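The values are calculated or read from the model by the stated rules, or taken from the named source; none is laboratory data. All values reported here derive from a predicted model rather than from experimental measurement. For neighbour counting, all protein chains shown are included, and Cβ atoms are generated from backbone atoms with ideal geometry for every residue, glycine included. Please note that ligands, DNA and RNA were not included when accessible areas were found on the heavy atoms of the full protein model with its side chains. Shrake-Rupley method; radii C 1.70, N 1.55, O 1.52, S 1.80 Å.
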Amino acid sequence: MSQSDATLRIELQFSGGMELLFDNQKTIHAKVPAFFPLDTSAEDKHAATIRDLISWTASNLLKERPELFIGTDGSVRSGILVLVNGADWELEGELEYELEDRDEIVFISTLHGG
Amino acid sequence: MSQSDATLRIELQFSGGMELLFDNQKTIHAKVPAFFPLDTSAEDKHAATIRDLISWTASNLLKERPELFIGTDGSVRSGILVLVNGADWELEGELEYELEDRDEIVFISTLHGG
Amino acid sequence: PFEKVVALTNPEIARYGRQLILPGFGIQAQMDLRNCSMLVVGAGGLGASCALYLGAAGVGRLGIVDHDTVDISNLHRQVIHNEARQGMSKARSAALSIQLLNPHCEVVVHELVLESSNAQEIINAYDIIIDATDNVATRYLLNDASVLGQKPLVSGSALRLDGQLTIYNYRGGPCYRCLFPTPPPSETVTNCSDGGVLGVVPGIVGCLQALEAIKIATGLNKEDPPTMTLFSANSSTMFRTIKLRKRKPDCIMCGDAPTITKLIDYVRFCGSSATDK
Amino acid sequence: PFEKVVALTNPEIARYGRQLILPGFGIQAQMDLRNCSMLVVGAGGLGASCALYLGAAGVGRLGIVDHDTVDISNLHRQVIHNEARQGMSKARSAALSIQLLNPHCEVVVHELVLESSNAQEIINAYDIIIDATDNVATRYLLNDASVLGQKPLVSGSALRLDGQLTIYNYRGGPCYRCLFPTPPPSETVTNCSDGGVLGVVPGIVGCLQALEAIKIATGLNKEDPPTMTLFSANSSTMFRTIKLRKRKPDCIMCGDAPTITKLIDYVRFCGSSATDK
Ligand SMILES: [Zn+2]
Ligand SMILES: [Zn+2]
């Protein structure tokens, strides 16, 4: 299999209201490209990171209003916490974390109501 | 390694008051013999099952009052639920379930208070 | 008889507004609650939070069973009562608090010990049964009466720092006897009076029982497999959900050929009575 | 000033008996509660169950902050109030309910909007701070004042069918700004009035906040790493505990070289005020 065909099985989960941006799906089993950038002519491919996953998710899965998901710097917007296999992504390298096959990535919108 | 030396790493957990019989330990990482009966001369050894684990636990880990842990038929007493890797043991074969290395076995005493 | 309605009144719409605008809940679920009757057995630690939140949520008819009276040593956990109500029937005290909170909820007070002679008739009159009791004998009694009456049973328990929550006899899941065919030896049974309990622990379990009853009444849990939720206040992971067996075809109560077809003597069966404290 | 005691009175011993006999709790933990002061900010959905269970449990002094008054649309979830108290200050109504339940708890009513000008003095007067508010601006305000006052902050939130629970600024764990350095865009923020909420959901989170505050006061959670508990009423696994980062050395609030050294203008910072509903 060539680099451009390789994919990773990633379980995406959405909670705290994030699911409302994804057609009310709380879980999406996604096949995410293993290497970015996607342009097949690119010479400098790198293994997919969470940074890549965020933009890929916005382009391929998001149903509405990308500004409620993506921030200004290629990260998620303020107020979204990302979990990598059940742990705060900050413990795993944040945007630079390299995805592995069968990873579970959760996007949580923090709640403020009471 | 001969059969009589082989062990399995089993994580035992106790909850709902069961831990009070085990010196208030909620988790014990145990090395459990992989084959039973333990008598080295026995010809008919079989892979360790939950039935074996229950009697082994009673002999080796229980601190007090075995009748609060074991029942009359080699099983746990009434009112204890056993979990194999997070699921009701009835889904896994109950007493005949064959232990695997790194299994997590939980003994829960059911509560009746309110 | 419990009268169902086809529309909410304006005062009800004002009161339940935050649930009416809730996506996935809304007017239909609120109507389902209004047209549902639930029986909370026990107005102690579990029943206190459970009955308060069910009464507040808009359940049409709420029955409360308790034979006991309010004691000062209850008040660290039974927040539906208060100090001035010492000596009052717990069922009546609970009803009073619910009425002050929400007069739209019809509360039925059952000031009695639930036993084989009276349980079936009472249970048959409600849609959902909530086990908020504190003893083994009543737990088996409620299980059997719920199976015979074909009612879902939302069972909670609490002791010391731990709690447990299960729905029995519901959508192909097990009954209490499928899991525990024989009662525990009586020397292994501890109640909150003897073993102690941190007050907020039954508070948490009672709230979860209210939630499960609301989910049953409104169909929010349609797809869920049978589980038990374990709570441990002093673990760093406080909650754990475990997958349970389905209904056992050979269960003597809910199986394919049940041998128990009416309520039995639960005091003898369990070796302990409902009023042992 | 809050007076500590060296022994419980006989009426207290009778009342808290079930906690006094609790293994791992007992007289020492009960004394710790008696000699602890806690501030519950918000007497709404979260504060209702939280303050009731803290008052019942034996906390010596309980402050309640709320500027709002009881409305009929609160009562499906704010079970500490009741219908007759419509229009009454929520802080006073909560205090009244706690006093009826447990006159041993000294309740201090703070009928005001917490803001930069008054927050620090109030927070400094308590040992443990509980965030039971409903808006972003007050959440940042409470975080900053808790860091400046070196108080643990038990933060809960609820919306629709979901809830979240974290302890901030405690034993090397993060503060709110370590996790969320900048406030969310105001169009992504929804409160319960606009988004709706199932009443028992904040009830559950509020009980868990009370439990966490009790664990802090009594040392029951000594060994726990920083976590966030996520609750989802309509998932078959309702609770999930996630491991959080530690305090960030470069946090502008709680880091090694903080740049914020007194309270700021949170309405401007968040683009929304504490009284937006
Ligand atoms: Zn059965
Ligand atoms: Zn910080």
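Near C:THR69, the amide H atoms lying under 5 Å from its own belong to C:LYS90; only residues 5 or more places off or on other chains count, and H is placed 1.01 Å from N.
With θ taken as phi - 60° and the Karplus curve 6.51 cos²θ - 1.76 cosθ + 1.60 applied, the whole-hertz 3J(HN,Hα) list for segment D:11-18 is x, 5, 5, 5, 5, 9, x, 5 Hz, x standing for glycine and proline. The label-point distance for B:ALA47 and C:GLU223, in a model that sets each label 7 Å from Cα toward Cβ, rounds to 3.4 nm.
A point 7 Å from Cα along Cα→Cβ stands in for C:GLY271, and the other copies hold the same point at 6.7 nm, listed in rising order. Take the alpha carbon gyration tensor of segment D:142-209, find the square roots of its eigenvalues, order them as a ≥ b ≥ c, and report rounded if a/c is under 1.5; if not, report prolate when a/b exceeds b/c, else oblate. Oblate, because a/c is 1.5 or more while a/b does not exceed b/c.
Rounded to a whole number of µm²/s, how large is the Stokes-Einstein D of chain C at 37 °C and 0.692 mPa s, given Rh as the Kirkwood radius over C-alpha pairs? Provide the component values of the computation, followed by the final result.
On the way: Rh = 19.0 Å.
Approximately 173 µm²/s, per Stokes-Einstein.
Leaving out ligands, DNA and RNA but keeping every protein chain, what accessible area does C:HIS67 have, in Å² rounded to the nearest 10, with a 1.4 Å probe? The value for C:HIS67 is about 80 Å². Given a cut-off of 23 Å, name the pairs among B:LYS63/D:LYS222; D:LYS151/D:LYS248; D:LYS4/D:LYS151; B:LYS26/C:LYS222; C:LYS243/D:LYS222; B:LYS63/D:LYS215 whose C-alpha atoms lie farther apart than that in the structure shown. Check vs 23 Å cut-off fails for B:LYS63/D:LYS222; B:LYS26/C:LYS222; C:LYS243/D:LYS222; B:LYS63/D:LYS215.
Sites listed here are GluC sites (Glu not before Pro) in segment C:163-265 whose DSSP assignment is loop and whose Cβ has at most 15 other Cβ atoms within 10 Å: C:GLU223.
Under the simplified labelling scheme, the C:THR9-D:GLN150 pair shows an inter-label distance of 5.7 nm, with each label point 7 Å from Cα along Cα→Cβ.
Projecting 7 Å from Cα along the Cα-to-Cβ direction, the label point of D:PRO225 sits 2.8 nm from its equivalents in the other copies, listed shortest first.
A protection proxy built from the mean count of other Cβ atoms within 10 Å ranks the segments C:55-65, C:93-103, most packed first, as C:55-65, C:93-103.
Highest GNM mean-square fluctuation among D:VAL108, D:VAL154, D:VAL189, for chain D modelled with Cα contacts below 10 Å: D:VAL189.
Converting phi to 3J(HN,Hα) with the Karplus coefficients 6.51, -1.76 and 1.60 and the offset θ = phi - 60°, segment C:97-108 yields 5, 5, 5, 5, 7, 8, x, 6, 7, 7, 9, 10 Hz in sequence order, with x at every glycine or proline. Size descriptors for chain B (Cα atoms only): Rg and Dmax, in that order, 13.9, 51 Å.
Taking only Cα atoms of segment D:51-138, what ratio of Rg to Rh do you get with Rh as the Kirkwood inverse-distance radius?
Computed over Cα atoms, the ratio is 0.95.
Shielding by partners for peptide C:78-85, expressed as the average number of C-beta atoms from other protein chains within 10 Å of each residue's C-beta, is 5. Per residue, the Cα convex hull of segment D:33-187 amounts to 117 Å³. Computed from label points 7 Å out along Cα-Cβ, the spacing between D:SER236 and A:THR27 is 0.8 nm. Sites counted here are GluC sites (Glu not before Pro) in a DSSP loop (not H, G, I, E or B) having no more than 13 other Cβ atoms within 10 Å; the longest part of chain B that contains none of them is B:65-114. Counting Cβ atoms of other protein chains within 10 Å of each Cβ in C:152-160 and taking the mean gives 4.
Measuring from each Cβ of chain D to the axis that turns chain D onto chain C, the shortest distance belongs to D:PHE239, 2 (residue, then whole Å). Only Cα pairs within less than 10 Å get springs; with that Gaussian network setup on chain B, which residue of B:THR49, B:THR72, B:THR27 has the largest fluctuation? Greatest mean-square fluctuation among the candidates belongs to B:THR72. Shape class of segment C:112-233 from the alpha-carbon gyration tensor: oblate, with a/c at 1.5 or above and b/c at least as large as a/b. A simple packing score, the average count of other Cβ atoms within 10 Å per residue, orders the peptides C:144-151, C:179-186 as C:144-151, C:179-186, with the highest score first. Here's the list of lysines a cross-link from D:LYS90 could span, going by alpha-carbon distance under 19 Å and ignoring same-chain residues fewer than 8 apart: D:LYS277. For segment C:1-65, the spherically averaged projection of the C-alpha convex hull amounts to 4.8 nm². In this calculation the C-beta distance from C:SER186 to A:LEU91 is compared with R0 = 60 Å, giving a FRET efficiency of 0.80.
For the set A:LEU53, C:LEU8, the ranking by accessible area, highest first and with no ligand, DNA or RNA atoms included, is C:LEU8, A:LEU53 under a 1.4 Å probe.
What do you get for trypsin sites (Lys or Arg not before Pro) in segment C:158-258 restricted to DSSP loop and a cutoff of at most 14 other Cβ within 10 Å of the site's Cβ?
The qualifying sites are C:LYS222.
Within 10 Å of the Cβ of each residue in B:81-89, the mean number of Cβ atoms contributed by other protein chains is 4. Just check the protein assembly as shown against the gyration tensor rule for me: Cα atoms, a ≥ b ≥ c as the square roots of the eigenvalues, rounded for a/c under 1.5, and otherwise prolate or oblate depending on whether a/b exceeds b/c. In terms of gyration-tensor shape, rounded. Ellipticity at 222 nm from helices only: DSSP H runs of n ≥ 4 in chain C, each -39500 (n - 2.57), divided by the residue count, give -9500 deg cm²/dmol. Plainly put, the tip 7 Å out from Cα toward Cβ on A:ALA47 is 3.3 nm from that tip on each other copy, the closest given first. The angle between the Cα long axis of helix A:50-60 and the longest principal axis of the Cα atoms of chain A comes to about 80 degrees, rounded to the nearest 10. Sorted from greatest to least, the principal axis extents spanned by the alpha carbons of segment A:4-48 come out as 39, 16, 14 Å.
Taking every C-alpha pair closer than 8 Å and separated by at least 6 residues, the mean separation divided by the residue count of chain C gives a relative contact order of 19 percent.
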